[in-house]
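A.B. asks: Handing you this structure, nothing more for now.
The values are calculated or read from the model by the stated rules, or taken from the named source; none is laboratory data. These numbers were taken from a predicted model, which means no experiment stands behind them. Note: areas computed on protein heavy atoms with side chains; ligands, DNA, RNA excluded. Shrake-Rupley method; radii C 1.70, N 1.55, O 1.52, S 1.80 Å.
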Amino acid sequence: MWCTPRRHAGVINAHCLLHVYDGDPPVWATKHNPLTPEQHAALTPPPRPVMEPDAELADLDEADHLLIAALSEDARATHPQLAAATGLTNSTVKRRVDRLVAEGVVLICTEFPPRRLGYRLMSYLWLRVDPARLEEVGTALASHAPISFAAAVTGPHNMVATALTRNTNDLYRYLAEHVGTLPGVQYVETAPALRQVKRLT
């Protein structure tokens, strides 16, 4: 179970993520069709296994930890580079990395600054949604082009989303014309991000 902190009026509240509708891994860029279907297919990682809440942790040995440490230093490292960094053979590195990816221990995704595509404003949306319409609203948000992340959470706001827009005018139009018209949305609190320190955890 993941948690996301939220600071308001000097108080930090922690909200548990109950269900992620969009953004794990991030797919925001694919909504804007910057790649050809062939390019998108080549960069799409294999589906990750669904982890049950009571599932046992992955059984990792020393070699796995060495590989993970090497990948944390350089996620673009080739198999020969990982072999040199860990002391393993190329074939062992490939086999172990494939297993770590297949088991969901290592996640592969393509990350880039949205500003490169002209989207300079990132805003957090905290929504109150009728409980009976959570799935409907979450699925709708996930289909919207500006949304890079959407999830149901615990707390007074039962849904959180991240919107990427070109400017405040685009944000206004998105809120007024798309979010505000969704049946079941009672309230939306918008918090533009002033500076982004880290994107992925």
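A.B. asks: Give the accessible surface of the range 69-135 per residue, rounded to a whole number of Å², with probe radius 1.4 Å and ligands, DNA and RNA excluded.
C.D. replies: 63 Å²
A.B. asks: Something else now. Test of understanding: express the Cα radius of gyration of the range 91-176 as a ratio to 2.2 N^0.38 Å, with N the residue count.
C.D. replies: So the range 91-176 has a normalised radius of gyration of 1.46.
A.B. asks: Can you tell me the relative contact order of the range 129-182? Whole percent, Cα pairs under 8 Å, sequence separation 6 or more.
C.D. replies: The value is 27 percent.
A.B. asks: So with the 1.4 Å probe, I'd like the accessible area per residue for the range 143-201, rounded to whole Å².
C.D. replies: So the range 143-201 comes to 57 Å² accessible per residue, rounded to a whole number.
A.B. asks: To continue, here is another question. Apply the Karplus curve 6.51 cos²θ - 1.76 cosθ + 1.60, θ = phi - 60°, to the phi angles in the range 129-141 and return the couplings in whole Hz, x for Gly and Pro.
C.D. replies: 10, 3, x, 5, 10, 4, 4, 5, 5, x, 5, 5, 4
A.B. asks: Tally up the carbon and sulfur contribution to the accessible surface of the range 118-201 as a whole percent, 1.4 Å probe, everything protein left in place.
C.D. replies: Taking all protein chains in place, the range 118-201 shows 53 percent carbon and sulfur surface.
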